[in-house]
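Since the structure comes first, as structure tokens, the remarks are kept for the end.
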Amino acid sequence: MSPKVTEVDGRELKVENQEMTGSSMLIQALARENVDVIFGYPGGAILPTYDEIYRTGIRHILARHEQGAVHAAEGYARVSGKAGVCVVTSGPGATNVVTGLADAMIDSLPMVVITGQVATSVIGTDAFQEADVVGVTMPVTKHNFQVREVEELPRVIKEAFHIATTGRPGPVLIDLPKDVSVASGFFNYDQDVDLPGYQPTVVPNKLQIKKLAEAVTKAKKPVLLVGAGVLHSKASKELLDYVEQQQIPVTSTLLGLGAFPGSHKLHLGMAGMHGTYTANMALHEADLLINVGARFDDRLTGNLKHFAPEAVVAHIDIDPAEIGKNVETAIPVVGDAKEALRMLVEVDGRPSACDEWKEQVQQWAAEYPLWYNEDDTTLKPQRLVEMIYEETGGEAVVTTDVGQHQMWAAQFYKFDKPNRWVTSGGLGTMGFGFPSAIGAQFAEPDKQVVAVLGDAGFQMTAQEMSILQELNLPVKIILVNNASLGMVRQWQQLFYEERYSNSLFPIQPDFVKMAEAYNIKGWKVENPNDMQQTLKEALDYNGPVLVDCRVAKEENVYPMIAPGSGHHEMEGIKP
Amino acid sequence: MKRTIIATVNNTSGVMNRITGLFARRHFNIESITVGMTENPSVSRMTFVVNVDNQRGLDQVIKQLNKQVDVLKVRDITDDAIVARELALIKVVAAPQHRGEISSLAEPFRASIVDVGRESVTLQITGDQQKVEAFIDLLKPYGIKELARTGITAFKRGTNKSVFESPKYSIIN
Ligand SMILES: Cc1ncc(C[n+]2csc(CCOP(=O)(O)OP(=O)(O)O)c2C)c(N)n1
């Protein structure tokens, strides 16, 4: 075999098919996987790899906390569809990425995380910075590896990328002992992945597709529920084709927003705990529910006893274990959403005769839209999101943290295009919103990236402002500042008789000064009448910004399905 | 309902941990797990006896097992014609004058006395769960000092084809 040269950013990497160290192999393999950015943080056990990063010049972004690195890699993965790559050291470095792994696992984000490990000779002796990372991360990864011999490394990396990015995507961790990374071995990356225990079903069963098409023909009240699976399989076009062909009303999960155009006349908005009345009532009364790539999370279904009581359920999912897990499913379709939707369009079944149903749905939408009380004296957070929508022309990549602002962003920013919405859905990870915006900006360097954050969540990973400062990365931080743990405060108001235990901030930092400490331009807005102008300025500003928006403190997210209730029992709908 | 499930898995370090961790975090109720080598040294075979509430619970166990990269094949063999065996070692209190009696109990069960102490004898029995349990019951009146059971290991009877040669589990039948 003749040696091969790989280039990264115009620089030549080591040639292939020759002896090299484990850490060289790692960087070489990352280059072969077209990794254009690594997010990470160095430390003792991973130093050989960092030496290789130094020598090759492969792009590495130094976070200021490993959690920042792993969430940045997630944001990158969500927007680019490629595996996010994160490199950290052993022990505390590795345990600091556990939250990010759990987050990526539950939201199905492709990630390859490489953790340093103590030398194989001392594994199991409680060595300095040793942690059982493979054990700790087993439940929060799609798969993980510990590399024992340097010769295994190319195969392991190849398998890791394969597992992370195919089937239902997810995070894969590679634990790399220090001695393995300095040992020498023969590097050959041209091998086929051979994993007999991992064979995702991509092409759905034709008979099941036909069954589904027939069910649509028979249905009088069909609804399509769109989940993030449609985004992962890049099936937005096929979905639109199918919906236009069959004229079925569509609703979306929190994570599925953008998979189907939010302003389309058949889109009923988001369903679930803070979804629209229309979407939830449609689910409640549907006689056919077609779930494409959603996993029937409890925040979506509400009380399962009352969920879609009239519906025959069809479920398209690449992960067979999701089908029937929470909801009894009459028509299971295992396969890739893109393939399934393409086949459905091809079958071209007779659409449902459901004009009455569509009228009913339109009527709900007209009568009970999302709403809030406008106010001249205080800035309404919902209005703030609307302004962001207006000022970005709906074209921005929006990331959020977790809490009320997240729900308002989901409700009031209309996502018409896929991969513009980055939020922590399944795990609800505070601290996610800001670093994920950094990753998103790397995935889409030319797009406007707006991080809509709560004042509390921002403080969990605010140190990553260093990255913005260092690279003049034009992320726009919009703080929806209600001086409280808003969502916690709302639940305490509604379900704990207003006992606001540890949810109100008596004092807060000066966020503008905080930004300025990182040389980031900051604004504070208290008067609602100044908001739009400041927002315009901030979004137009050439560089990173932070806008501290002082919003109405006691605002609640409505409408709402209280815990234990069903979709038909929404509270706080438009009076 | 009680089901017997067999799986072939990669014989890699940590695979047992993956499986037991999966059962624990999904709240699957397992009665026993056995694991051992197969004719192929890189593959191990596991036999699980699980307790599930209904078909959906059973489906979940099988699907979640299948999702593991190190799990090669999974099959519920409860309703197949199978050979299922477990081994038990039972140490019973036995004064010298009772030994003959105990020995005669063992005979129809094809159990054997594998160790004799001053105050006890140790019996070994293999068989399906029912047989093992019946035998243990019979010995109870003498006083059981120690009991060790391996749990069931099983495979399909007869044909020389592996049970795994039928298509991989799929929810589309
Ligand atoms: C890491 C983590 N800890 C705790 C929570 C629980 N939690 C959910 S929302 C919330 C309040 C968030 O407050 P803030 O960031 O200000 O956003 P707001 O709800 O006010 O918009 C908390 C504490 C969480 N989701 N994540």
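Some points to look at:
- Count of the stretch A:196-220 residues, restricted to those that are within 14 Å of chain B (Cβ to nearest Cβ), crowded, with 21+ Cβ neighbours inside 10 Å and over 25 Å from the mean Cα position of the chain (by Cα), is 3.
- Residue satisfying condition, being more than 14 Å from chain B (Cβ to nearest Cβ), within 11 Å of the ligand (Cβ to nearest atom) and within 21 Å of the chain's Cα centre (by Cα), within set A:V452, A:V475, A:V488: A:V452
- Helices (runs of 4 or more DSSP H) contained entirely in the stretch A:41-108, each with at least 2 residues that are more than 16 Å from the ligand (Cβ to nearest atom) and of a type outside the set (D, E, K, R): A:47-56, A:66-80, A:92-95
- Any chance A:P351 is in the same structural domain as A:G272 (by TED's automatic domain parsing), surrounded by fewer than 16 Cβ atoms within 10 Å (Cβ to Cβ) and not acidic (D, E): yes
- For A:G428, the requirement of being near the ligand (Cβ under 8 Å from one of its atoms) and among the small types (G, A, S) is met.
- Residue list for the stretch A:331-374, restricted to those being in contact with a helix residue (DSSP H, G or I) (Cβ under 8 Å, 6 or more places away or on another chain) and small (G, A, S): A:A337, A:A340, A:G349, A:S352, A:A365
- Scan of the stretch A:120-139 for residues that are hydrophobic (A, V, I, L, M, F, W, C) and at the interface with chain B (Cβ under 10 Å from one of its Cβ atoms), ordered by number: A:V134, A:M138
- Filtering A:V193, A:V182, A:V172, A:V147 for residues that are aliphatic (A, V, I, L, M), surrounded by fewer than 20 Cβ atoms within 10 Å (Cβ to Cβ) and within 13 Å of chain B (Cβ to nearest Cβ) leaves a single hit, A:V193.
- First in the stretch A:7-33 and modelled with pLDDT of 95 or more and polar (S, T, N, Q), second anywhere and in a strand (DSSP E or B) and surrounded by fewer than 19 Cβ atoms within 10 Å (Cβ to Cβ), Cβ under 6 Å, 6 or more apart: A:T21/A:S184
- Search result, residues across the stretch A:366-377 that are over 28 Å from the mean Cα position of the chain (by Cα) and surrounded by 17 or more Cβ atoms within 10 Å (Cβ to Cβ): A:Y368
- Verdict on A:A321 being without any contact (Cβ under 8 Å) to a residue 40 or more places away in the chain and part of a helix (DSSP H, G or I): yes
Matching residues to (1) touching an Asp or Glu at 6+ places or on another chain (Cβ under 9 Å); (2) crowded, with 23+ Cβ neighbours inside 10 Å; (3) within 14 Å of chain B (Cβ to nearest Cβ); (4) under 30 Å from A:A164 (Cβ atoms):
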{"position": "A:P222", "(1), (2), (3), (4)": "yes, yes, no, no"}
{"position": "A:G229", "(1), (2), (3), (4)": "yes, yes, no, yes"}
{"position": "A:T253", "(1), (2), (3), (4)": "yes, yes, no, yes"}
{"position": "A:L257", "(1), (2), (3), (4)": "no, yes, no, yes"}
{"position": "A:K265", "(1), (2), (3), (4)": "no, no, no, no"}
{"position": "A:G269", "(1), (2), (3), (4)": "no, no, no, no"}
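The values are calculated or read from the model by the stated rules, or taken from the named source; none is laboratory data. Computed from a predicted model, the values in this text were never measured in an experiment. Cβ: placed from backbone, ideal geometry, glycine included. Neighbour counts: every protein chain shown.
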